[in-house]
């Protein structure tokens with residue numbers, strides 16, 4: 001849950017508050033984002049949520065970089081272009097992520113009672129998680 005909360009918070013900042021952050025806060029934002037992306041790549045946990053965040057962030061940055069004459073970005077434009085390239089690299093890494101199948105001869109979802117299965121399915125953040133689970 002905490003992971004989902006942090007990602008949603010970063011997504012909200014990316015959509016509406018990125019330009020109001022100080023330079024140090026923006027640097028911290030990208031450091032946190034880097035750690036989250038690396039964790040997702042390592043654990044293969046909830047990549048769809050991060051993909052959505054990176055898509056929103058890259059869209060916002062593209063719009064802000066185009067508006068560079070309006071002085072909406074804190075810092076050098078080259079730093080922002082470098083950050084955008086990093087985001088594109090992360091997106092590529094997540095696109096290339098191959099979910100490994102966990103082979104286990106234990107219980108499967110279909111072995112669970114219906115009320116437990118419903119409880120599990122209600123905890124997914126969106127419908128794509130269910131589709132990914134089925135693949």
Tell me which residues, restricted to the stretch 45-59, are crowded, with 17+ Cβ neighbours inside 10 Å and either touching a strand residue (DSSP E or B) at 6+ places or on another chain (Cβ under 6 Å) or at pLDDT below 85 (or both). 46
Does the stretch 1-11 hold any residues that are in contact with a helix residue (DSSP H, G or I) (Cβ under 9 Å, 6 or more places away or on another chain) and surrounded by fewer than 17 Cβ atoms within 10 Å (Cβ to Cβ), and which are they? 3, 4, 6, 8
Only one residue in 22, 16, 58, 67 is out of contact with any helix residue (DSSP H, G or I) (no Cβ under 8 Å at 6 or more places or on another chain) and in contact (Cβ under 8 Å) with a residue 12 or more places away in the chain. Which one? 22
Do you know which residues across the stretch 60-69 are farther than 13 Å from residue 11 by Cα and surrounded by 15 or more Cβ atoms within 10 Å (Cβ to Cβ)? 64, 65
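The values are calculated or read from the model by the stated rules, or taken from the named source; none is laboratory data. A quick note: this is a predicted structure, and the numbers were derived from the prediction, not measured. Cβ sites come from the backbone with ideal geometry, for glycine too, and all protein chains shown count toward neighbours.
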